[in-house]
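Structure first, then comments.
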Amino acid sequence: APGVDIHSTIDGVGYGVKDGTSMATPQVTGALAVFWDSNPDLTGQEVVDLLKQSVRPIPALDGKVSTGGTLDFGEFMSLG
């Protein structure tokens with residue numbers, strides 16, 4: 001899940017824009033936590049499957065990330 005142009009804190013500097021999986025991981029993890037909290041009876045695998053099902057495809061990511069797209073939190077939450 002690549003993160004691009006994510007506003008974040010930068011050690012010793014303050015704030016700035018960063019890119020990379022380190023920027024996307026907290027967003028995906030947060031989405032999983034919110035979704036699972038709303039759907040506690042689902043298994044971990046079911047939650048991951050629904051997350052992957054809800055991804056918004058982005059042609060430039062096809063073949064670069066396992067889902068070929070990006071997190072669509074609204075779509076993900078609508079599946080719960």
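The values are calculated or read from the model by the stated rules, or taken from the named source; none is laboratory data. All values derive from a computational prediction rather than experimental measurement. The area values use the complete protein model at the heavy-atom level, side chains included, leaving out ligands, DNA and RNA. Shrake-Rupley method; radii C 1.70, N 1.55, O 1.52, S 1.80 Å.
Rolling a 1.4 Å probe over the protein heavy atoms leaves SER66 with an accessible area of roughly 120 Å². Listed values for segment 38-51 are Karplus-derived 3J(HN,Hα) couplings in whole Hz (6.51 cos²θ - 1.76 cosθ + 1.60, θ = phi - 60°), namely 7, 9, x, 7, 7, 7, x, 5, 5, 5, 5, 4, 5, 4, and x replaces Gly and Pro.
The residues of the chain expose on average 68 square angstrom of accessible surface per residue, using a 1.4 Å probe on protein heavy atoms.
Against the set [x] 25, 13, 11; [y] 25, 17, 9; [z] 33, 14, 10, the structure's computed semi-axes √(5λ) of the Cα gyration tensor in Å falls on [y].
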